[in-house]
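The structure appears below as structure tokens.
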Amino acid sequence: MYSNGYSLKIDGDFGGFRLNDSYYWSTDISFKSPSEHTIRGARLPMEMQINFHTRDNQQAVVSVLFRESERDSVFLNSIGFGNPQLRSAQQGLLFYPPDNIDFEDFLGSPRNYLFYRGSTTSSPCVDNVIRIVLTDTFTVSNN
């Protein structure tokens, strides 16, 4: 996990999904605070974006929004968010998360989401990206 100056990021293959005869596989996860997407005009404390590509370089981003809670997230702690170094993260490598990040255990099988075509929000910006925003929110603590 490292800071790229804009978000915390984990590179790796975390699975994928099939959509319209194309298979999208994950390339990285970004954590952005506050969220880029809003609910009723309000930003949430954090957004996790799982980035996907196809063989012919089509892109998709699945966004997971987090609302604040007093309880720590077991999932986020399991991938390193319990580490106090994250509060003062500077650009560069922080540490290695576990080899096996289980999104299915955390997210389940989401059935409710918003779907639109948009663009990436970090350089290099790419148009015509499939954006999927899960409508169920998850929790993150202030810690």
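Can you pull out the residues in the stretch 122-140 that are surrounded by 12 or more Cβ atoms within 10 Å (Cβ to Cβ) and part of a loop (DSSP other than H, G, I, E, B)?
Across the stretch 122-140, the qualifying residues are Ser122, Val126, Asp136, Thr137.
Can you tell me how many residues within the stretch 55-82 are surrounded by fewer than 18 Cβ atoms within 10 Å (Cβ to Cβ) and among the β-branched types (Val, Ile, Thr)?
Going through the stretch 55-82 one residue at a time, the tally reaches 1.
Going through the stretch 33-49 one residue at a time, which ones are among the aliphatic types (A, V, I, L, M), in a strand (DSSP E or B) and open to solvent by 10 Å² or more (accessible area, probe 1.4 Å)? Write out each step before concluding.
If we filter the stretch 33-49 for residues that are among the aliphatic types (A, V, I, L, M), which is where we start, we get 39, 42, 44, 46, 48.
Add one more test, that the residue is in a strand (DSSP E or B), and what stays is 39, 42, 46, 48.
Those that are among the aliphatic types (A, V, I, L, M), in a strand (DSSP E or B) and open to solvent by 10 Å² or more (accessible area, probe 1.4 Å): Ile39, Ala42, Met46.
Are any residues in the stretch 5-32 assigned to a loop (DSSP other than H, G, I, E, B), of a type in the set (S, T, N, Q) and surrounded by 15 or more Cβ atoms within 10 Å (Cβ to Cβ), and if so, which ones?
Correct list: Ser7 only.
Are there any pairs, at least 6 apart or on different chains, whose C-beta atoms fall under 6 Å, with the first in the stretch 95-120 and farther than 13 Å from Val133 by Cβ and at pLDDT below 75 and the second assigned to a strand (DSSP E or B) and open to solvent by less than 100 Å² (accessible area, probe 1.4 Å), and if so, which?
That search, which allows pairs on different chains as well, returns Pro97/Ile10.
Does the stretch 31-43 contain at least one residue that is without any contact (Cβ under 8 Å) to a residue 40 or more places away in the chain and farther than 22 Å from Phe138 by Cα?
The answer is no, given that none of the residues of the stretch 31-43 is without any contact (Cβ under 8 Å) to a residue 40 or more places away in the chain and farther than 22 Å from Phe138 by Cα.
Out of all the residues in the stretch 22-33, is one or more in contact with a Pro (Cβ under 7 Å, 6 or more places away or on another chain) and of a type in the set (Ser, Thr, Tyr)?
yes
The values are calculated or read from the model by the stated rules, or taken from the named source; none is laboratory data. Please read all numbers here as calculations on a predicted model, not as lab measurements. Note: ideal-geometry Cβ built from the backbone for every residue, glycine included; neighbour counts use all protein chains shown. Just the protein is used for accessible areas: all its heavy atoms, side chains included, with ligands, DNA and RNA removed. Shrake-Rupley method; radii C 1.70, N 1.55, O 1.52, S 1.80 Å.
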